[in-house]
Amino acid sequence: MKINYSLVTRRTFLNTLFGGWLAAFCGGTFYALLKFAFPTLGKEPDFVVLKTADFMDIPPNSVKPFAWGGQLGLFYKKQSGSTYALKGVCTHMECNVTYKPEDKKFYCACHQGWFDEDGKNIAGPPPKPLEFFDVTTEGEKLIVAKKGIKVELPKA
Amino acid sequence: MIRKILFACAFILINAATLWAQQETIEVFPSAPYDRHIIFQSLALFWVAIIGLIIIIRMKLKEIERIQKMGIDREEKNIPLLD
Amino acid sequence: MSCQRLRNWIEERYDVEGMKGLAKQKLVPVHQYEIWYYTGGIAMFLFILQFITGMVLSFYYIPYFEHANKSVIEIVTKLNMGWFFRSLHHWGAQLAITALFIHVFSTLLLKSYRKPRELLWISGFILLGISIFFGLSGYLLLWDERAFAAVRVATGGAGNLPVIGGFIKAFLRGGIDVTGETLTRFYAFHVSVLPLITLFLIGMHILLVQYHGMSVPMSLEKKPLKQIPFFPNLFYKDLIIWLLVLGVVVSLATLLPPEIGKKADPLAPAPENIKPEWYFLFLFQTLKLFPGDILGLNGETIAIILISCGILFFFLIPFFDRKSSRGEKSILFTWIGVLYTLYFIIMTVIGYLT
């Protein structure tokens, strides 16, 4: 078939074809590069398993740190003796918080953020309360899990 | 025909590579058959893309040479402009 | 996609038309030796590839002797596409050095180094030396047995130079022996010192090429040659060749991923059948030619001195070859060029086969 008149010239057609093909080619190549350059992301854990003996016997009104994935987790015993676990990371700019036993408050030194003993943000810039976890014990194992996660321990 | 030869060559090379890789203690190449399949498929696709690009570039070159032969690639200096 | 506003924005600030005119002015002669013009472009393309793959690899590599080998293994076995990019970096280096050798020997045989292009030869020669050092330093980063032994031999060889040898050896090794210090040093060379020097020299090399224009072989200098514009004709041809080279590197990287040896142990015996990288073979083979003792002198030292003289002469060839600088035929230097080329090829092949 031969067309006498065409809306595109030979040059525009070739340029578009070339540009499109080149863009696709570079895009594919670049995608592979980015796949390598971006880290194979680690996920925040759903739960961690600790040893009961290490944590249950801490004195009242104190905390003991544990590893929540790569972040700080705090095991916390209130004055009343009830135990909790929470993520020790400030909800404002992700600094680690400390517990101030004399005030019974959690404190973030980065921007002077305060949380009360239930983790509620009471002063300073933090926008949200601290994240508390579920704590359950199974014999020797102390399981700290995200709220609402069903823990399925691997059969050992 | 050429495709057959290319595939044959690729096949021999692949087999040689796998034979060679078997002696290694550290896997420098993914070993799962599915991964390998994907990798070789991607390699073939990559070559197809390159050959496609080369064909387009050759067409462009021909077009450029045609225009140069006609002498319309050089813009005239004294084109009257409507200002 | 015309982006008229963006185009206007740029044109109001920069003399785009002038630059376009400048690009159009670059003409390249057409003749039967023009294929050698592409070797430099190939080398440049491979260098760009090395820079990119090197950058992403450095995200994951740990330059500490305890972890270096393990981190490479982790890149290869655990990360997305890790095996591919390490392999690509390896094969890119091999092909880049091959391209550089072809480039330098074609320059030598076509006598493109003659006046007024002496500085081009000098900068190119330094770039070749740097690339070889790139290869050696990159090779050590693997920190496996072979790399360890190879670097010991190479730095020890430099130590045989009279007077300055000891200093060079200590400087390269960062101590009296190859240790973790050497790894840190070579890492610094490989990722910061050498790339910066390379960028500067490549920039200079390319600017000089633009300044002088393409060299025409002496036998064709008097004849009227057809010239074609670099842009777009030659540029697209370059692009085709780059694409082919990319395909070859990627295929090699996929089909022949390089192995990783056991972690280096300074106290272990050297592994069997150890051979240097192919671009060291001609030196290695030359050293083998000399007996250990010549007239009561250390044969190794004499060999190193002779090799150094040979390389120095090679480096200064544009200044020795006066005849071709005056535009006369210089048969002597044609033979010297052929001799160098043949020596390199034959010694490399012998070294490879034995």
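The values are calculated or read from the model by the stated rules, or taken from the named source; none is laboratory data. Everything numeric in this text was worked out from a predicted model, so none of it was measured. Cβ sites come from the backbone with ideal geometry, for glycine too, and all protein chains shown count toward neighbours.
Assorted remarks:
- Residue in region C:205-218 that is without any contact (Cβ under 8 Å) to a residue 40 or more places away in the chain, within 19 Å of the chain's Cα centre (by Cα) and farther than 30 Å from A:Leu22 by Cα present: no
- Condition met for A:Thr91 (of a type in the set (Val, Ile, Thr), within 20 Å of the chain's Cα centre (by Cα) and more than 27 Å from A:Lys51 (Cα to Cα)): yes
- Every pair of residues 6+ apart whose Cβ atoms lie under 6 Å, when the first sits in region C:313-338 and is in a helix (DSSP H, G or I) while the second is modelled with pLDDT under 90: C:Lys323/C:Ser330; C:Ser324/C:Ser330; C:Ser325/C:Lys115
- Counting only helices (runs of 4 or more DSSP H) that sit completely within region C:1-106, those holding 1 or more residues that are in contact (Cβ under 8 Å) with a residue 24 or more places away in the chain and within 25 Å of C:Leu243 (Cβ to Cβ) correspond to C:16-25, C:37-58.
- Filtered residues of region C:153-163 (kept if over 21 Å from the mean Cα position of the chain (by Cα) and either at pLDDT 90 or above or closer than 23 Å to C:Gln285 by Cα (or both)): C:Gly156, C:Gly159, C:Asn160, C:Leu161, C:Pro162
- Qualifying residue in region C:39-55 (condition: under 22 Å from B:Pro30 (Cβ atoms), touching a His at 6+ places or on another chain (Cβ under 6 Å) and at pLDDT 95 or above): yes
- Looking only at region A:64-85, residues that are at negative phi and either under 20 Å from the mean Cα position of the chain (by Cα) or buried (at least 17 other Cβ atoms within 10 Å of the Cβ) (or both) come to 15 in all.
- C:Ser87 being surrounded by fewer than 23 Cβ atoms within 10 Å (Cβ to Cβ), more than 28 Å from C:Gly175 (Cβ to Cβ) and of a type in the set (Ser, Thr, Tyr): no
- Matching residues, region C:236-275, being more than 8 Å from chain B (Cβ to nearest Cβ), surrounded by fewer than 16 Cβ atoms within 10 Å (Cβ to Cβ) and either part of a helix (DSSP H, G or I) or under 25 Å from the mean Cα position of the chain (by Cα) (or both): C:Val248, C:Ile274, C:Lys275
- Residue count for region C:276-304, restricted to those that are part of a helix (DSSP H, G or I) and in contact (Cβ under 8 Å) with a residue 12 or more places away in the chain: 16.
- Unmet requirement for A:Trp21, which otherwise passes all of (1) surrounded by fewer than 16 Cβ atoms within 10 Å (Cβ to Cβ); (2) within 14 Å of another protein chain (Cβ to nearest Cβ): (1)
- Residues that are more than 25 Å from A:Lys105 (Cα to Cα) and either away from chain C (no Cβ under 11 Å) or of a type in the set (Gly, Ala, Ser) (or both) occur at least once in region A:50-64.
- Top-ranked residue of region C:9-45 - restricted to ones that are touching a helix residue (DSSP H, G or I) at 6+ places or on another chain (Cβ under 7 Å) and among the aromatic types (Phe, Trp, Tyr), ranked as nearest to C:Ala96 (Cα to Cα): C:Phe45
- Set C:Ile132, C:Ile164: member being surrounded by fewer than 23 Cβ atoms within 10 Å (Cβ to Cβ), of a type in the set (Val, Ile, Thr) and within 29 Å of C:Leu332 (Cβ to Cβ): C:Ile132
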